[in-house]
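**Q** Have a look at this one.
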Amino acid sequence: MINDYLLSPVSVPQEDSALQILSDFEHYMVLRDMAANTIQAYLYAVRQYLSLYRVINHESLMFYKCYLMEHYKPQTVNLRIRAMNCLVESLHLSYDKMTMVRVQHKSFLENVISQADYEYLKNCFLKNGNHLYYFIIRIMATTGMRISELLQLQAEDVERGCIHIYSKDNKIRVVYIPKLVRQDCLKWLHHIGRTWGDVFINRYGSRITQSGVRAQLKKYSIRYGLDPAVVHPHSFRHLFARNFIEKCGDIAMLSDILGHESIETTRIYLHRSTTEQKSIVNQIINW
């Protein structure tokens with residue numbers, strides 16, 4: 001078990017030892033009811049670390065942090081630092097936790113699809129009978145769900161008109177499906193004979209993947225003459241947030257709907273995108 005590794009530093013001389021550490025670390029995280037995606041991400045980081053260094057000590061951890069900073073974006077660096085800090089904690093080692101790298105938060109949005117392009121893309125999907133991707137983008141744009149959340153949607157949720165989503169801190173938020181969207185989606189589901197189970201499945205009957213959706217949206221954006229940079233899953237979540245703020249103005253409610261831990265995260269939707277800023281400047285400045 002994990003307590004077999006209470007030495008400082010921890011040596012990992014053989015492949016079997018590395019596998020044991022990974023197995024025990026996974027068990028440690030499962031017992032703490034960590035999210036499945038987090039567990040997989042943390043295990044990936046530890047595998048990477050053990051492939052680079054054969055000992056777990058403070059010096060190697062610092063080298064790993066430098067390696068990450070040279071090869072990855074700050075968000076990825078911080079994710080893997082959190083993974084290693086969690087491993088150190090699980091091993092009861094006495095090292096100080098690695099500090100996160102500073103992420104420069106943008107005060108504006110980039111690469112967000114416009115309302116006009118969204119409507120055009122919807123119409124293209126309908127015209128070509130691609131109801132699967134029509135409802136993928138329409139539900140994201142009208143609920144603000146993340147792609148990971150959307151792919152959990154069941155036919156029963158559509159029938160009920162809402163989905164219960166578990167957040168990272170084990171809280172539950174309810175995401176409501178607007179009445180008109182729900183009615184249209186039910187018609188489609190009934191037409192294809194899908195009255196239960198996953199809404200978004202591939203031709204083999206399995207739930208489609210996030211990477212698959214991203215790749216298909218990029219392909220369709222090129223096919224329909226749209227900028228691939230703005231046709232990605234999170235873009236439709238941004239579109240929902242911008243539209244909600246403009247029509248409602250309740251940022252606290254929006255923060256709850258989006259499942260943000262802090263209202264400060266939601267404030268970015270009060271700012272104009274870079275494209276909008278450029279357009280406004282070109283329109284109003286004539287001196």
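**Q** Could you pull out the residue among ASN282, ASN243 that is within 19 Å of ILE139 (Cβ to Cβ), at pLDDT below 90, assigned to a helix (DSSP H, G or I) and open to solvent by 30 Å² or more (accessible area, probe 1.4 Å)?
**A** Unique residue meeting the criteria: ASN243.
**Q** Against the definition (part of a helix (DSSP H, G or I), closer than 17 Å to LEU254 by Cβ and not β-branched (Val, Ile, Thr)), how does MET145 come out, yes or no?
**A** no
**Q** Examine the stretch 228-239 for a residue that is surrounded by fewer than 14 Cβ atoms within 10 Å (Cβ to Cβ), over 16 Å from ILE137 (Cα atoms) and without any contact (Cβ under 8 Å) to a residue 60 or more places away in the chain, and state whether such a residue exists.
**A** No: the stretch 228-239 contains no residue that is surrounded by fewer than 14 Cβ atoms within 10 Å (Cβ to Cβ), over 16 Å from ILE137 (Cα atoms) and without any contact (Cβ under 8 Å) to a residue 60 or more places away in the chain.
**Q** Filter the stretch 131-148 down to the residues that are touching a residue at least 40 places away in the same chain (Cβ under 8 Å), within 19 Å of ARG207 (Cβ to Cβ) and open to solvent by 10 Å² or more (accessible area, probe 1.4 Å) and list them by number. Spell out the reasoning first.
**A** Narrowing the stretch 131-148 to residues touching a residue at least 40 places away in the same chain (Cβ under 8 Å): 131-133, 135-148.
Narrowing further to those that are within 19 Å of ARG207 (Cβ to Cβ): 131-133, 135-140, 143, 145-148.
Passing the criteria: HIS131, LEU132, TYR133, ARG138, ARG146, ILE147, SER148.
**Q** Which of the residues belonging to the stretch 194-205 are open to solvent by less than 60 Å² (accessible area, probe 1.4 Å) and assigned to a loop (DSSP other than H, G, I, E, B)?
**A** Residues satisfying the conditions are ARG194, GLY197, VAL199, PHE200, ASN202, GLY205.
**Q** Across the stretch 110-130, what is the number of residues that are part of a loop (DSSP other than H, G, I, E, B) and crowded, with 20+ Cβ neighbours inside 10 Å?
**A** Qualifying residue count for the region: 2.
**Q** Hey, another quick one. Restricting to the stretch 246-269, and then to whatever is exposed (fewer than 12 other Cβ atoms within 10 Å of the Cβ) and in a helix (DSSP H, G or I), can you tell me which residue is modelled with the lowest pLDDT?
**A** My answer is GLU264.
**Q** Identify, from the list VAL103, VAL181, the residue that is modelled with pLDDT under 95, assigned to a helix (DSSP H, G or I), more than 24 Å from ASP227 (Cβ to Cβ) and open to solvent by less than 50 Å² (accessible area, probe 1.4 Å).
**A** Result of the check over VAL103, VAL181: VAL181.
**Q** Would you check if there is a residue in the stretch 80-95 being modelled with pLDDT of 90 or more, over 30 Å from ASN243 (Cβ atoms) and open to solvent by 60 Å² or more (accessible area, probe 1.4 Å)?
**A** yes
The values are calculated or read from the model by the stated rules, or taken from the named source; none is laboratory data. Keep in mind it's a predicted model, so treat the numbers as computed, not measured. Note that each Cβ is placed from the backbone with ideal geometry, even for glycine, and that neighbours are counted across all protein chains shown. Heads up: the accessible areas ignore ligands, DNA and RNA and are worked out on the full protein's heavy atoms, side chains in. Shrake-Rupley method; radii C 1.70, N 1.55, O 1.52, S 1.80 Å.
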